[in-house]
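What follows is a single structure, written as structure tokens, with notes after it.
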Amino acid sequence: MTKALNGEEVAKKIAKKFPGSIAAADKAAVVVTSKSLYQVAEFLKNTRTLDFDYLTNLTAVDYTDYFEVVYHLISLRHNHSVVLKARCYDRDKPAVPSVVSLWRAADFQEREAYDLMGIIFEGHPNLKRLLLWEGFVGHPLRRDYL
Amino acid sequence: MTLLEQFQLWLGSIWPGWAAYIVPAIVGIVVVLGFVLTMVIVFIWYERRLLGRFQVRLGPNRLGPEGIFQPIATAVKILLKEDIVPTKSDKVIHWLAPVIVFVPVLMIFAVVPFGERAILTDLNVGVVYVVAISSISAVGIYMAGWASNNKYGLISALRAVAQMVSYELPVVLAILGVVLMAGSLSMTQIVASQKIPFLLLQPLGFVIFFLGTVAEMNRSPFDLLEADSEIVAGYHIEYSGMKFAMFYLGEYGHALAYSCIIATLFLSGWQGPLLPPIIWLVIKVMAVFFVIVWMRSTLPRLRVDQLMAFAWKGLLPMAIINLFIVAAEVLWLSEITPWLMVAVNFVFAGVLVLLWSKLFTLGGGRVEV
Amino acid sequence: MAIRTEPFILNMGPQHPSTHGVLRLRVTLDGEVVTDVELVMGYLHRGIEKLGENRTYAQIIPLTDRLDYVASMTNNFAYVLAVEKLAGIEVPERAEYLRIIMAEMMRIANHLMAVGFFLNDLGAMMTPVLYMWREREKLLDLFEMVCGQRLTYNYMRIGGVSHDIPEEFLPALKRFVAEMPGFIDEYDRLLSQNEVLLARTKGVGILPKDTAINTAASGPVLRASDVKWDIRRADPYSIYDRFDFEIPVGTVGDCYDRYWVRMQEMRQSVRILEQAIAQLPEGEACAKVPQLLRPPVGEVYGHIEAPKGELGFHLVSDNSIAPYRFHIRAPTLINMTALKDMAIGWKVADLIIILGSIDVCLGEIDR
């Protein structure tokens, strides 16, 4: 059984290393500030006790006043999982750092989130639309897209 | 003296010379063409039915008894299709290519003996003629691929040249073994000299020749030119209507021609007890084609570099060794009973094939980029 | 004199017999050697995620059928599991077993098709496909018996399955389970030691273990690269912890391993089916679930081991009748990330079989 790590405990570990990086934390998920997302992700991936080597799922949710980018991470070795989130409040140009250099699995998923939700992943090597065609106006999965 | 020459001679005694020369030629050509086209249609039907059997399905069985009219329906369908020429193609070459593929195939039948004296022209260099004429198709395929202005076509065209040139060598060397044993280049002489079919006398030569010809007529597992799962249809991707029909007929005509050649060179041609010669030839041709279809339905395709490796590292050395063995045998063993030769050659063939299968593995092929 | 050469850009697809749908590969070639691959997709994009936001929870089930249309039953399964996790619904015992039976049948049906078309990409002229079709047809008949459909089943419901199996189903399934190992042996005899198949697939398109993990490859693609990770074992959902089965893993992660893993998985699925039939209890086929489900506010990520890999549904609920956000983690889309690594340096023909060995389904990639 994949053990879902308690978000609060993971948040404590992260906060010890990077003070001020945690925006919120509950049992289910850790929310980090989008500025520190990359460092936190790197920490989660490269710490031996956590060792999150497998980025299962990456998606974005539009909560109208902010966007939430959700990362589902799994460690194949320890068989535990954690949910990492980052929020961006800028509606015109929501941006989070890209994690492609850590997990290449994020490549298509970030492009998809950019395509459909309009999240800009800074540092993505090839941030183009994935499913819709070049020149499509708008991002259809946003709540205000009609 | 062939039947045709006899006919000419007889006609010459009652008609003026030029008519006596031309009329029998036309009659002969019409008869042979009739045979070829009928057989091609039978082949199309035969292959479809066989493929059906091999693939746990029925195959066409609706049109006529056992679906025998299905190829005719196909032909009608193809002929009624619009002839599309790509705008940016090289129009003249695009038009010419199917002709150049199709005509040499028909020309091969000029030297195929259908019976003891039933042959269009008994060339004294018949085998050389076959080899020379059949290579022309490669030019046609290259032209088709190039003129279509299509990238798949281009890849196919380049593959065609490489494949045809490579497989020509082992094929010719295998034929040399036959020629050595028969002591003649004439097709009639080769058939006449086969008291024991050369299949038994030169099993290795037969295998090499067979694989080589299968590769030359682009059939699976060597169908890289058409490779519908990779380059879609290869050189005839931009052809439709009658031009496509020419390629289609050319393909089956090629299969028929090579089946005839294989039957003539290795299976003692029209010879056989009881039945008339033409029936024996058809039976042998059908048997050869059966094996070709069997291979097609069973084996996956080789990759292009493996195909080349198979020709140059596999078939060519074996063909050369075979040639030396046959030469030595003709020199020293021909006085004794031929059955000794059969035994020796089967042993040689077994050992060589086994040796090659151990020493020579296909695979690998990654290129650093 | 050096001959000047130019790279050759080939647009493979969207109409191409071996892209398994409307995928476009923009391939840069040096002669026949692939130097770059760029994937262009979206030709089958139907906006299922957006559609889902305007449907009730139960209405989404038929949408999930259209994801991976080769294995639609497992899509149903993954979705209803995620919704049940979100709403906290208990599923009757019998329904759990029926779901597992369907999921494993679907896995066999999918792998039959995957292996068959993989051989077709190798140029085997439809023969393996048609042999595999023979058995897949029997499975489709079984599905038809259960729910009247052969492609898009819409059989699973939130809280169970739509209705119980008919009485002639179990004998037919037992017959299938009894004869299937023999058929797999037959395929093994025909294919696994075929010289041409070995020459074409051994060592071709190797996906190293660390790359496989880093690109989050899943399913047979991941396991072929010697990673023993099967969600049925690692994170048992439904009642998979009650069954005894093995996880076949490959050794190097080449095309042959991916082929081999699929062949072995079919055997294991037959084993699971045998056990599930033997243990199948009597009882209800569906729990009592309100017509208009309003799950509590929250979010859930439910994932299962679909035949093609990890199929996940990320649902966000705002306590209304429709999900607030409905995201699908499509296994083949993410498996395709590593295609470039596998294909570069190989020839066009190898690119095709590498793509075939990933077992793509465009309904799922484009959604």
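Bear in mind these aren't lab numbers, they're just calculated from the coordinates by the rules spelled out. Because the structure is predicted, anything quoted here is derived from the model rather than measured. With ideal geometry, Cβ positions are generated from the backbone for all residues, glycine too; neighbour counts draw on all protein chains shown.
With the largest listed first and rounded to whole Å, the semi-axes of the equivalent ellipsoid of the stretch B:224-369 from the Cα gyration tensor are 33, 27, 12. Each of C:276, C:13, C:86 was scored by the projection of its Cα onto the charge dipole of chain C, and the greatest displacement toward the positive side belongs to C:13; charges sit on the C-beta of Lys, Arg, Asp and Glu. For the peptides B:287-293, B:102-108, B:265-271, residues were scored by their other Cβ atoms within 10 Å and the scores averaged per peptide; the highest-first order is B:265-271, B:102-108, B:287-293.
Relative to the longest principal axis of the Cα atoms of chain C, the long axis of helix C:72-87 lies at roughly 50 degrees. By the rule of a C-alpha distance below 13 Å, with chain neighbours fewer than 8 residues away ignored, the aspartates and glutamates paired with residue C:347 are B:230, B:305, B:368, C:30, C:32, C:36.
Neighbour counting of Cβ atoms within 10 Å sorts the residues C:72, B:135, fewest neighbours leading, into B:135, C:72. Averaged over residues, the count of other Cβ atoms within 10 Å places the peptides C:284-294, C:23-33 in the sequence C:23-33, C:284-294, highest first. When all alpha carbon pairs of the stretch C:47-365 are counted in 20 Å bins from zero, the resulting P(r) reads 34, 57, 9 %.
Tell me the mean residue ellipticity at 222 nm calculated for chain B from its helices only (DSSP H runs of n ≥ 4, each -39500 (n - 2.57), averaged over every residue, nearest 500).
-22500 deg cm²/dmol
Using the Stokes-Einstein relation with a Kirkwood hydrodynamic radius computed over Cα pairs, the translational diffusion coefficient of the stretch C:28-75 at 4 °C and a viscosity of 1.567 mPa s comes to 96 µm²/s. Each Lys and Arg adds +1 at its Cβ and each Asp and Glu adds -1 at its Cβ; summed about the Cα centre, the stretch A:3-93 shows a dipole of about 380 debye. Comparing mean-square fluctuations of A:99, A:70, A:61 from a GNM of chain A with C-alpha springs under 10 Å, the top value falls on A:61.
Mean silhouette area of chain B, derived from the convex hull of its C-alpha atoms and averaged over all directions, reads 22.4 nm².
Highest GNM mean-square fluctuation among C:68, C:318, C:230, for chain C modelled with Cα contacts below 10 Å: C:318. Quick check: the angle from helix A:37-46's long axis to the longest principal axis of chain A, C-alpha only, nearest 10 degrees? Compared with the principal axis, the helix lies near 40 degrees. Note on residue B:346 and residue B:72: with the Förster distance fixed at 41 Å, the Cβ-Cβ geometry gives a FRET efficiency of about 0.40. Note on residue A:35 and residue C:145: the model spin-label points, each 7 Å out from Cα along the C-beta direction, lie 6.5 nm apart.
For the stretch A:3-93, the pair-distance distribution built from all alpha carbon pairs, in bins 5 Å wide starting at 0, is 3, 15, 27, 27, 17, 8, 3, 1 percent. A simple charge model with +1 on the Cβ of Lys and Arg, -1 on the Cβ of Asp and Glu and nothing else charged puts the dipole of the protein assembly as shown at about 380 debye relative to its Cα centre. Could you tell me which of the pairs A:27/C:288; A:27/A:128; B:284/C:202; C:202/C:308 are separated by over 27 angstrom between their Cα atoms in the structure shown? From the list (A:27/C:288; A:27/A:128; B:284/C:202; C:202/C:308), the Cα-Cα distance tops 27 Å for A:27/C:288; A:27/A:128; B:284/C:202.
For the stretch B:51-102, the fraction of alpha-carbon pairs lying more than 14 Å apart is 70 percent, rounded to a whole number. Dipole orientation for the stretch B:84-368: of the candidates B:176, B:355, B:86, B:86 has the Cα lying most toward the positive pole (charges on Cβ; Lys, Arg +1; Asp, Glu -1).
Each residue of the protein assembly as shown gets 207 Å³ once the volume of the Cα convex hull is shared out per residue.
Rounded if a/c is under 1.5, else prolate if a/b beats b/c, else oblate: with a ≥ b ≥ c from the C-alpha gyration tensor eigenvalues square-rooted, which is the stretch C:1-102? Cα axes put the stretch C:1-102 in the prolate bin. Relative to the Cα centre, the charge distribution of the stretch B:1-80, modelled as +1 at Lys and Arg Cβ and -1 at Asp and Glu Cβ, gives a dipole magnitude of about 540 debye. For the peptide B:218-231, the mean number of other protein chain Cβ atoms found within 10 angstrom of a residue's Cβ is 5. Measuring how big the stretch C:253-355 is from its alpha-carbon positions, Rg and Dmax come out at 20.1, 57 Å. Just how far, in whole angstrom, is the stretch B:70-129 from the stretch C:1-51 if you go by their alpha carbon centroids? The distance from the Cα centre of the stretch C:1-51 to that of the stretch B:70-129 comes to 35 Å.
Can you list which of the GluC sites (Glu not before Pro) found in the stretch C:111-199 are DSSP loop residues with at most 12 other C-beta atoms within 10 Å? Listed in order of number, the matching sites are C:167, C:168. The residue among B:332, B:19, B:254 whose Cα reaches farthest toward the positive pole of the charge dipole of chain B, with charges on the beta-carbon of Lys, Arg, Asp and Glu, is B:254.
Per-residue mean of foreign Cβ neighbours for B:296-309 is 6 (Cβ atoms of other chains, 10 Å radius).
Mind pulling the angle between the C-alpha long axis of helix C:169-187 and the longest principal axis of chain C? Nearest 10 degrees, somewhere in 0 to 90. With both axes taken from Cα atoms, the answer is about 20 degrees. Listed by chain and number, the aspartates and glutamates placed with their C-alpha closer than 12 angstrom to that of residue C:85 are C:299; residues fewer than eight positions away on the same chain are left out. Against the empirical 2.2 N^0.38 Å (N residues), the stretch B:189-255 has a Cα radius of gyration ratio of 1.51. Inter-chain Cβ neighbour count for C:149-158, averaged per residue, equals 0 (cutoff 10 Å, partner chain atoms only).
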